[in-house]
Amino acid sequence: MMTITEKILAKHAGKSKVEPGDNVWVDVDILMTHDVCGPPTIGIFKKQFGQNAKVWDKEKVVIIPDHYIFTKDKYANRNIDILREFAKEQDLPHYYDVGTERYKGVCHMALPEEGFTRPGEILFGTDSHTCTAGAFGEFATGIGNTDAAFILGTGKIWLRVPETMQFIFEDEIHPYVMAKDLILKIIGDIGVDGATYRAMNFAGDGVKALDMEGRMTLTNMVIEAGGKNGIIEPDEVTFKYLETRTDHAYEPVLNDFDAKYHSVRVYKSKDIEPMLAKPHSPDNKSTVFEMRNTQLTRAYIGSCTGGKISDFIAAARIIKDKPVKVDTFVVPATTEIAQGLDSVKIDGKSLKEIFLNAGAQIGEASCAACLGGPADTFGRLNNDEEICISTTNRNFPGRMGSKQAQVYLASPYTVAASAINGKITDPRDFF
Amino acid sequence: MSGMIKGKVFVLGENIDTDQMIPAEHLVYSLEDPEEKKFYGKFALSGVPATESGLPQGQIPFTAEGKFESDYKIIVASNNFGCGSSREHAPAALQIAGVQAVIATSYARIFYRNSVDGGFLIPYESKVDLSKEVSTNDKLEINEETSEVKNLTTGKTYQLNPLGSVSEIVKAGGIFKYARENGMMQ
């Protein structure tokens with residue numbers, strides 16, 4: 001009578017059973033870090049375990065620089081050098097270096113592409129959106145540098161077993177509604193601390209009908225409700241995605257039929273319409289319709305939650321053959337997705353052609369302006385007057401640059417429709 | 001954990017996320033290099049909008065212009081303190097600025113965990129929302145043994161929640177010291 005999260009934690013703690021509230025020490029399957037938190041993690045690792053210490057298992061350490069890549073900032077560039085040196089010194093096979101063919105881009109999309117997200121496993125990362133990988137039916141969550149350094153040396157960490165909140169979407173969603181609308185609705189309903197310390201399990205036909213990218217949009221944003229991890233039962237859709245990505249064996253885990261939940265919320269998918277998070281909080285909920293005609297200065301399509309190939313296909317379907325009225329920035333999460341912008345076509349035109357013909361600018365695969373970053377970051381909101389609609393996941397003050405700038409979060413359909421009109425626009429106008 | 005934490009308090013509202021604690025553009029400085037590290041103290045809480053910085057009146061910089069350390073040793077905030085990104089630079093920046101303890105009605109879990117496991121500061125929880133009770137520049141005194149806080153400016157006393165299951169790690173001064181004290185690593 002355990003949830004997936006409880007079963008995975010029990011197994012990795014060597015116990016037959018755990019209950020919410022138990023503190024357990026678990027064995028870690030994958031530890032991921034990047035250029036912002038990797039260098040301080042390495043610093044703590046060396047200080048605590050010694051200058052010549054080796055990581056606990058080099059097959060289980062994944063280093064993906066993605067945050068501050070295309071910048072002249074000397075400190076940011078120095079941080080990449082630290083990662084490179086460490087990977088060399090430790091002979092790490094899973095390092096994706098900047099400026100090489102191995103360079104990937106945003107870690108949360110690179111991890112599944114490279115086959116590191118597997119059902120039943122435990123994945124930690126030094127980034128709050130590590131929860132994205134829960135879409136594959138594994139326990140995945142973000143940690144800090146100290147915890148990461150501890151794992152790097154020991155392969156273990158302590159955790160409190162979370163209670164699980166169940167979110168069910170009955171029936172399939174409307175064609176103009178995307179996974180982003182579902183998660184914005186949930187966060188708006190429960191608040192930015194509505195799931196603090198808890199697991200969020202997504203279920204129902206509306207979730208089962210989503211592809212892996214849609215599912216990752218849901219789990220990506222559980223941290224925006226304070227959630228510890230998001231999780232979705234693995235199924236044929238999951239296994240099919242993994243077929244081409246990994247040969248690594250894994251053991252899928254499902255919720256027991258009599259698992260105990262903290263709470264159960266049931267949504268009728270047909271009641272969900274295009275949603276927004278207004279400035280300056282992901283739970284500042286509104287429908288797109290309610291805020292229609294709000295003037296914008298910018299549109300942004302990118303990040304781990306809104307820069308996947310399915311997000312660009314959705315946006316391109318709406319933008320095709322129409323010029324954008326505001327500065328529009330397109331940032332593929334990974335280099336594989338960037339290649340997809342070239343190879344995926346709609347009515348004979350590549351996504352890249354569609355965006356460029358519309359007047360949008362395309363950046364290089366990375367986190368880019370999702371989190372502001374150094375002043376020369378592509379798409380960063382450097383002016384206080386900017387009003388941006390974005391497919392990213394966070395809109396607290398200053399998140400994308402200026403702390404006065406306003407950011408609306410929305411689905412790729414809504415951002416594309418709004419870019420064409422220069423004001424907030426319901427995507428139903430284009431269906 | 002050794003007695004009293006005494007100092008001036010800086011008051012903030014709800015949902016102070018880690019981008020406000022240390023804006024992303026500043027995450028590039030080394031946390032090892034003593035000279036570079038000082039910048040975290042300079043820019044700590046620099047992402048908080050001016051009207052929300054130092055309540056109730058606002059418009060108070062946490063770290064004074066040209067300084068690398070703050071005058072404030074204690075932060076009082078409302079709910080969900082430390083939400084957003086997992087950057088450990090956030091509790092580190094507050095510590096580098098001179099903060100020893102935070103009192104909030106609730107915390108986001110990664111920030112709470114980082115504060116405790118990294119031994120940066122003590123994250124106290126309070127049932128009463130002290131951000132409505134105390135003012136920036138009041139002098140507070142936290143008794144670590146009794147988890148009681150006294151506002152020396154107004155004379156009022158408040159009870160904070162006991163630290164509970166993390167108190168052993170807080171006492172040890174972080175997860176590495178705790179693990180060594182308990183024979184889990186050398």
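The values are calculated or read from the model by the stated rules, or taken from the named source; none is laboratory data. Owing to the predicted nature of the structure, the values given are computational and were not obtained by experimental measurement. Cβ atoms come from the backbone with ideal geometry, glycine included; neighbour counts cover every protein chain shown. Side chains are part of the model used for accessible areas, which takes the heavy atoms of the whole protein and leaves out ligands, DNA and RNA. Shrake-Rupley method; radii C 1.70, N 1.55, O 1.52, S 1.80 Å.
Table for the structure above
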{"item": "Pair A:E236, A:L92: separation of 7 Å Cα→Cβ label points (nm)", "result": "3.9 nm"}
{"item": "As computed over region B:4-181, the Cα convex hull volume per residue (Å³)", "result": "107 Å³"}
{"item": "Within region B:4-181, percent of DSSP bridges classed antiparallel, to nearest 5", "result": "50 percent"}
{"item": "Long pairs among A:K46/B:K42; A:K403/B:K8; A:K58/A:K88; B:K127/B:K156, criterion Cα-Cα beyond 19 Å", "result": "A:K46/B:K42; A:K403/B:K8"}
{"item": "Coil-residue GluC sites (Glu not before Pro) of region B:78-186, DSSP, other Cβ within 10 Å capped at 14", "result": "B:E145"}
{"item": "Contact surface A-B: accessible area buried, both sides summed, square angstrom, 1.4 angstrom probe", "result": "3800 Å²"}
{"item": "log10 of Debye I(q)/I(0), alpha-carbon scatterers only, for region A:275-430 at 0.15, 0.20, 0.21 Å⁻¹", "result": "-0.67, -1.22, -1.34"}
{"item": "Set of aspartates and glutamates near A:K345 by C-alpha distance (under 12 Å), chain-local residues within fewer than 8 positions excluded", "result": "A:E353"}
{"item": "Percent accessible area from carbon and sulfur atoms, region A:1-140, protein chains only, probe 1.4 Å", "result": "48 percent"}
{"item": "For A:39-51, mean number of other protein chain Cβ atoms within 10 Å", "result": "3"}
{"item": "Rounded to 5, the percent of DSSP beta bridges in the protein assembly as shown classed as antiparallel", "result": "30 percent"}
{"item": "DSSP-defined beta bridges in region A:275-430 - what % are antiparallel, rounded to 5", "result": "30 percent"}
{"item": "Sites B:T51 and A:I346, calculated FRET efficiency, Cβ-Cβ separation with R0 41 Å, nearest 0.05", "result": "0.35"}
{"item": "FRET efficiency, A:T297 to B:N182 (Cβ-Cβ, R0 60 Å, nearest 0.05)", "result": "0.60"}
{"item": "Formal net charge of residues neighbouring A:G204 (Cβ-Cβ distance under 9 Å; K, R +1; D, E -1)", "result": "-2"}
{"item": "B:K8, A:K208, reordered so the largest accessible area comes first (probe 1.4 Å)", "result": "A:K208, B:K8"}
{"item": "Residues B:N137 and B:Q159, FRET efficiency given R0 of 22 Å [Cβ-Cβ distance, rounded to 0.05]", "result": "0.45"}
{"item": "Computed label-point distance, nm, for sites A:E170 and A:Q361 using a 7 Å Cα→Cβ extension", "result": "4.8 nm"}
{"item": "Where region B:4-181 is the region considered: accessible area per residue in Å², 1.4 Å probe", "result": "37 Å²"}
{"item": "Cross-link pairs beyond the 23 Å C-alpha cut-off, checked among A:K208/A:K278; A:K180/A:K278; A:K208/A:K285; A:K11/B:K171", "result": "A:K208/A:K278; A:K208/A:K285; A:K11/B:K171"}
{"item": "Average other protein chain Cβ within 10 Å of Cβ, residues A:213-224", "result": "1"}
{"item": "Helix-derived mean residue ellipticity, 222 nm - over chain A, DSSP H n ≥ 4, -39500 (n - 2.57), to 500", "result": "-8500 deg cm²/dmol"}
{"item": "Accessible area, probe 1.4 Å, largest first, for residues B:D117, A:D235", "result": "A:D235, B:D117"}
{"item": "Cα-derived Rg to Rh of chain A, Kirkwood definition", "result": "0.95"}
